[in-house]
């Protein structure tokens, strides 16, 4: 059984990183596309809309899936193996944050990061600095296996996130080519907080609508048994092959103090491509996905 688990671990690692076994450095774009095709999508240069401005983005690679608990555990295991115990302790997930909001998730505190049932769910409860340290580690991993020192893994810029989410369009509401949250068959396109009409009221003073119930009321008495996030490969990918750009977890970006794309606790309007939310500390609603830039070495 132990040998079987080791084999599964090795195969999963190879599948995520899609390392090249070539002895020669991978210096060209096509070679890197091939080496990263399992874990990353290449986004070609193009224009995107940020608020009301049209911005031109250079080409870049972006992870097809949000960083999972399994991916982050690999990082922790590597720190421990290298004897970097101070860095290891600083990198630990703060699972207690599941109880830091109105959402009281005791079972998530105990099991979400550590239980194998959640290994393919997005890692959460990390600070921006912890995510950046993970990206630094992943940079070194990729440089080692591609023998290319020009690779840099980092958090995406907001314009890069929008370029990836908008797909082949200049602008769209969501990462799929429809303004609706369900397919024609009624299937949901993302993981978000569905608010029933019975939970909405109009403020008689301001005239604005507001939700009058809490999360537990919205999903019923079985809330303590309900999963909030979805696996990192859920729903349909967009035309670039990227999953969960809207909903599931909001995602950290290079710009400080905000996360983008909405999450499991966001109503439908707040999981749009352009959506942002305040992010200043680790919490259960925010995760991340890295991008990789590649500067060809001049011969």
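Quick notes on this structure:
- Number of positions in region 140-183 that are part of a helix (DSSP H, G or I), surrounded by fewer than 21 Cβ atoms within 10 Å (Cβ to Cβ), under 21 Å from the mean Cα position of the chain (by Cα) and in contact (Cβ under 8 Å) with a residue 24 or more places away in the chain: 3
- The residues listed here are 94, 51; of these, the one that is in contact (Cβ under 8 Å) with a residue 24 or more places away in the chain and either closer than 21 Å to residue 138 by Cβ or surrounded by 14 or more Cβ atoms within 10 Å (Cβ to Cβ) (or both) is 94.
- Selection over region 34-55 of residues that are touching a strand residue (DSSP E or B) at 6+ places or on another chain (Cβ under 7 Å), farther than 21 Å from residue 71 by Cα and in a strand (DSSP E or B) gives a count of 6.
- Going through (1) more than 12 Å from residue 125 (Cα to Cα); (2) part of a loop (DSSP other than H, G, I, E, B); (3) at pLDDT 95 or above one by one, residue 93 falls short only on (1).
- Selection within region 109-131 - without any contact (Cβ under 8 Å) to a residue 60 or more places away in the chain, assigned to a helix (DSSP H, G or I) and either touching a helix residue (DSSP H, G or I) at 6+ places or on another chain (Cβ under 7 Å) or surrounded by 17 or more Cβ atoms within 10 Å (Cβ to Cβ) (or both): 109, 111, 118
- Filter result for residue 71 (within 23 Å of residue 123 (Cβ to Cβ), out of contact with any helix residue (DSSP H, G or I) (no Cβ under 6 Å at 6 or more places or on another chain) and outside any strand (DSSP E or B)): yes
- Any pair with Cβ under 6 angstrom, 6 or more apart, that starts in region 272-283 at a residue that is over 20 Å from residue 181 (Cα atoms) and ends at one that is modelled with pLDDT of 95 or more and in a loop (DSSP other than H, G, I, E, B): 280/257; 282/94; 282/125; 282/126; 282/127
The values are calculated or read from the model by the stated rules, or taken from the named source; none is laboratory data. Nothing here was measured: the structure is a model prediction, and the numbers come from that model. Heads up, the Cβs are rebuilt from the backbone with ideal geometry, glycines too, and the neighbour counts pull from every protein chain shown.
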